[in-house]
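The values are calculated or read from the model by the stated rules, or taken from the named source; none is laboratory data. Keep in mind the model is a prediction, meaning the values are calculated, not measured. Cβ placement follows ideal geometry from the backbone for every residue including glycine, while neighbour counts extend to all protein chains displayed.
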Amino acid sequence: MNKIPYETILDIRKKANIVDVIAKYIPLEKRGKNYFAICPFHDDHNPSMSVSEEKQIYTCFVCGASGNVFNFVMNYENISFTAAVKKVADLVGIKLDVKDTEVKKNKEDKYHNYYKMFDIVNKYYKNNIKSVYGKKAIKYLNERKITDDIINEFEIGLSLNDNSISKLLQEKGYSKDELVDIGICGDSNNYMYDTFRNRIMFPLYNLDGQVVGFSGRIYNGENESKYVNSKESVIFKKGNLLYNYHRAIKEAREKRSIIVVEGFMDVIRLYSVGIKNVVASMGTAITKEHASLIKHLSQNVILSFDGDKAGEKATISAIKELEKIGISPKIIRLEDDLDPDDYIVKKGKDAYLNHLNNALSVIDFNLMVKKENTNFNDFNEVSSFVSEAVKELEKITDPVVYELTLNEIAKQTNLDKETINNMVAKKPDKNTFIIDKRKKTKKDKYQKAEEYLVHYMLKDPKAILIYQDKVSYLENKKLSIIAMEILEFYEKKGYINVTDFTLFLEDKTDLINEVLRIDEEDLPDHVSDDVLLEYVKTIDEEILKNEINKVKDKIKTETNVQNKIELLEKLRVLKKKECK
């Protein structure tokens, strides 16, 4: 990607309020002068990320992730710094004329042939459904309330009852092995045949919107499996992909929530009624990789799986996977064992929206499941239910939610709520505060002197000039690099400002984290030249001490008499300096 001038980056930063940008990705809550959120960069369960509107930076008090608006977008979306600048520029209406050479290009991809084959096949299927051969398929889809617009949007096509795909791809020069590897064709005794025949074809996409597989559905009343899916391949692994991800990114950010369903037809149905912030796990259990992708879409997750027992089991499994990464989802449970697709067809959009607007919390869902499996006429089962309910109560951190849930359990069991409350070992604290949990290490006076000097270099030009004039280097390599970067910034810009300096560092995340950590040191706003010179003196003492120790170590191992004499003389001179 072309390098964007610093002045342009600075202009974008001034127009892009970090609070507004981060709020497009994760929910923020104002507390005092700052905003707080669940940190998306570690397994966070309580809001530990602070966003300062005044300083235009974010900091996590647990994992240490920090930076400016561009660093957040870069790390959240896992893109280059320059791509993040362009994305933020787009948000504030600034047009950047840059070409992203870091974006994957098919021509450079080792699986280019596979993507190209799927693209060819997808276009072939789309042409089929619009031809005379596709009339019955279109009629079937329309009867199922899938409109022509949705057919076009989701690129729904049709495979014919022949082997035209295998012939077409071989004519274009693709090998039989390639066709079989990705599951488009099969091979029986050296006879190539199409995997999908006489089926309505739904393309399956990767995260970038490239077709990597298909699901084919019968539509003529054939006595065959309702769906046939592409086999997994090097570019198609269901455990790593979410259907509709590439379309849902923008919608999820705008709605600040993401709905997760089980199948691609559920996605298409919700999309057809205007609910577009939705993805599907394509019929597999939610994996660790799925959970991570979901978290990147939104922290507000609604699980809307099938209404039957299998859907309930899948919901429980998904909750566990999401809770591992700090997400407590909401849950929709549909009556009559229906999936979202059939539910909307039979009961309508409004009925589904009612569920969506009244989605259950994890606590309520778990209690509902336990209640459904409890015979309240059996005291032993009631006792078991209360024990399980107490475990749920112990997970609640909000005192209001705790009280409401306690009342509900008492009502369901006809027990006194004090009896239940006394069984709870861990009750919510009414005054919860964010605590800085980053590991603090004890520092000696030399380490403190280096950090404190750099701290003031980030705030005061006189500290920069003293460093430039008096200090040769710092023992801490990272601080030494930061100091050199500060010198370069000050030389080029003529001023120092922490937020602007982080822009200058661009994608050097480790340095930015260290800069913002040092900037937050609890020190006076201003110090005298004498204090700064005292830091320099302490740093010089440390450098001299380390040099003496190095010479002593060399003396111990030196066997050449002349070299040893020279080392002893060097040691004498250094010790003389030390005594001054």
Checklist entry - Can you find a residue in segment 143-156 that is touching a residue at least 12 places away in the same chain (Cβ under 8 Å) and more than 37 Å from the chain's Cα centre (by Cα)? => result no
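Test of understanding: among Glu514, Glu534, Glu491, Glu520, which residue is modelled with pLDDT under 85 and in the same structural domain as Glu450 (by TED's automatic domain parsing)? Outline the logic, then answer.
Numbers: Glu514 fails: modelled with pLDDT under 85; Glu534 fails: modelled with pLDDT under 85; Glu491 fails: modelled with pLDDT under 85.
Checking each option against the conditions leaves just Glu520.
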Item to check | segment 214-227, residues that are of a type in the set (Lys, Arg) and either in contact (Cβ under 8 Å) with a residue 24 or more places away in the chain or surrounded by fewer than 16 Cβ atoms within 10 Å (Cβ to Cβ) (or both) | outcome: Lys226
Checklist entry - So which of Tyr35, Tyr25 is touching a residue at least 40 places away in the same chain (Cβ under 8 Å) and either over 23 Å from Glu323 (Cα atoms) or not assigned by TED's automatic domain parsing to the domain that holds Asn497 (or both)? => result Tyr25
Checklist entry - Restricting attention to segment 239-265, which residues are surrounded by 20 or more Cβ atoms within 10 Å (Cβ to Cβ), part of a helix (DSSP H, G or I) and charged (D, E, K, R)? => result Glu251
Checklist entry - Could you list, in sequence order, the residues of segment 336-355 that are closer than 18 Å to Ala314 by Cα and among the aliphatic types (A, V, I, L, M)? => result Leu338
Next on the checklist: Suppose we filter segment 198-213 for residues that are free of Cβ contacts under 8 Å to residues at least 60 places away in the same chain and in a loop (DSSP other than H, G, I, E, B); how many remain?
Outcome noted: 3
Next on the checklist: Show the residue pairs meeting these rules: Cβ distance below 9 Å; 6+ apart or different chains; first residue within segment 541-568 and more than 19 Å from Glu475 (Cβ to Cβ); second residue of a type in the set (Val, Ile, Thr).
Outcome noted: Lys564/Ile555; Leu567/Val551; Leu567/Ile555; Leu568/Val551; Leu568/Ile555
Checklist entry - Out of (1) at pLDDT 90 or above; (2) touching a helix residue (DSSP H, G or I) at 6+ places or on another chain (Cβ under 6 Å); (3) within 22 Å of Gly213 (Cβ to Cβ), the odd one out for His112 is which? => result (1)
Item to check | Considering residues of segment 47-73 that are in a loop (DSSP other than H, G, I, E, B) and in contact with a Ser or Thr (Cβ under 7 Å, 6 or more places away or on another chain) only, the residue nearest to Glu506 (Cα to Cα) | outcome: Asn68
Checklist entry - If you scan segment 390-411, which residues turn out to be part of a helix (DSSP H, G or I) and surrounded by fewer than 17 Cβ atoms within 10 Å (Cβ to Cβ)? => result Lys391, Pro399, Val400, Val401, Glu403, Leu404, Asn407, Glu408, Lys411
Checklist entry - Which residues, taken from segment 146-192, are in contact with a Lys or Arg (Cβ under 9 Å, 6 or more places away or on another chain), among the small types (Gly, Ala, Ser) and in a loop (DSSP other than H, G, I, E, B)? => result Gly183
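Starting from residues that are more than 36 Å from the chain's Cα centre (by Cα) and part of a helix (DSSP H, G or I), keep the ones in segment 442-461 and report whichever is surrounded by the fewest Cβ atoms within 10 Å (Cβ to Cβ).
From segment 442-461, those more than 36 Å from the chain's Cα centre (by Cα) are 444-446, 449, 460-461; that's our starting set.
Next cut, part of a helix (DSSP H, G or I) only: 445-446, 449, 461.
Numbers: Lys445: 10, Tyr446: 20, Ala449: 22, Pro461: 12.
In this case the residue turns out to be Lys445.
Just checking, which of Ser317, Ser384 is in contact with a Lys or Arg (Cβ under 9 Å, 6 or more places away or on another chain) and of a type in the set (Ser, Thr, Tyr)? Give the derivation first.
Working: Ser317 fails: in contact with a Lys or Arg (Cβ under 9 Å, 6 or more places away or on another chain).
Checking each option against the conditions leaves just Ser384.
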Checklist outcome for this item: Among the residues of segment 486-518, the number that are part of a helix (DSSP H, G or I), among the charged types (D, E, K, R) and crowded, with 17+ Cβ neighbours inside 10 Å is 2
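Would you confirm, using the coordinates I've provided, whether Ser230 is surrounded by fewer than 23 Cβ atoms within 10 Å (Cβ to Cβ) and assigned by TED's automatic domain parsing to the domain that holds Ser164? Break it down stepwise before answering.
Values: surrounded by fewer than 23 Cβ atoms within 10 Å (Cβ to Cβ): yes; assigned by TED's automatic domain parsing to the domain that holds Ser164: yes.
Considered against the rule, which asks whether it is surrounded by fewer than 23 Cβ atoms within 10 Å (Cβ to Cβ) and assigned by TED's automatic domain parsing to the domain that holds Ser164, Ser230 comes out as yes.
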Checklist entry - Quick check, is Lys238 more than 30 Å from Leu91 (Cβ to Cβ) and of a type in the set (Lys, Arg)? => result yes
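One line per residue, one yes/no per condition, for (1) within 22 Å of the chain's Cα centre (by Cα); (2) part of a helix (DSSP H, G or I); (3) without any contact (Cβ under 8 Å) to a residue 60 or more places away in the chain; (4) assigned by TED's automatic domain parsing to the domain that holds Met49:
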position	(1), (2), (3), (4)
Gln299	yes, no, no, no
Ser317	yes, yes, yes, no
Ser328	yes, no, yes, no
Asp342	no, yes, yes, no
Asp350	no, yes, yes, no
His355	no, yes, yes, no
Asn375	no, no, yes, no
Ser384	no, yes, yes, no
Glu388	no, yes, yes, no
Checklist entry - Quick one: how many residues across segment 543-565 are of a type in the set (S, T, N, Q) and modelled with pLDDT under 75? => result 1
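Consider Asn163 carefully, then state whether it is at pLDDT below 90 and surrounded by 14 or more Cβ atoms within 10 Å (Cβ to Cβ).
Details: at pLDDT below 90: yes; surrounded by 14 or more Cβ atoms within 10 Å (Cβ to Cβ): yes.
Taking the combined requirement at face value, the residue satisfies it.
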Checklist entry - From the residues in segment 238-266 that are out of contact with any strand residue (DSSP E or B) (no Cβ under 9 Å at 6 or more places or on another chain) and charged (D, E, K, R), which one is farthest from Leu158 (Cα to Cα)? => result Arg256
